[in-house]
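The values are calculated or read from the model by the stated rules, or taken from the named source; none is laboratory data. Predicted model only: the values in this text are computed from it and were never measured. Neighbour counts are summed over all protein chains in view; Cβ atoms, including those assigned to glycine, are modelled from backbone coordinates with ideal geometry.
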Amino acid sequence: TWWALFDMRDRHDWEFNQFAVLLTQAVLLYLIAGLVYPDFGEEKVVALRAHYFQQRKRVFSLFVVAVLVSICRDLVLDHALPDRANLIFHAVFLVTASVAIATANEWYHKLLALFTAGTFLFYVSSLFARLR
């Protein structure tokens, strides 16, 4: 997210709705991070696996919303959908997150972590390969 925001450093024609969509995306990522990690402040043992599966529907629901807001960001900022490759990555993230909401299968979630990490690295390296 910060990389895409940095790319907007020379933009000077801001409107409130454009700023609001960027702020919404950042807030959603913050909420996702807050749900993923349990409260470690107390002197008790934390079951990370149990916490993950307890929060799974909330986390991935927010992730779906974040991906949709990401698509809306291009609509609001550029008045157009993202380019085809970017839209395909968004669709992949939407589908995998939607399945994660629907299933508590432990193997799916383990594979999803690896798949998402690899896909996200490929996504960032292919779409942001050229520094501007």
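Of all residues in the range 56-71, those being at pLDDT 95 or above and of a type in the set (S, T, N, Q) number 1.
Taking F93 as the residue in question, decide whether it is free of Cβ contacts under 8 Å to residues at least 60 places away in the same chain, in contact with a Pro (Cβ under 9 Å, 6 or more places away or on another chain) and of a type outside the set (S, T, Y). So F93 fails the test.
When we screen K44, K57 for residues that are basic (K, R), out of contact with any His (no Cβ under 9 Å at 6 or more places or on another chain) and either touching a residue at least 60 places away in the same chain (Cβ under 8 Å) or within 26 Å of Y123 (Cβ to Cβ) (or both), the only hit is K57. Contact map, the range 120-132: first residue farther than 13 Å from H90 by Cβ, second residue at pLDDT below 85 and in a loop (DSSP other than H, G, I, E, B), Cβ cut-off under 7 Å, separation 6 or more or different chains; pairs are R132/D7.
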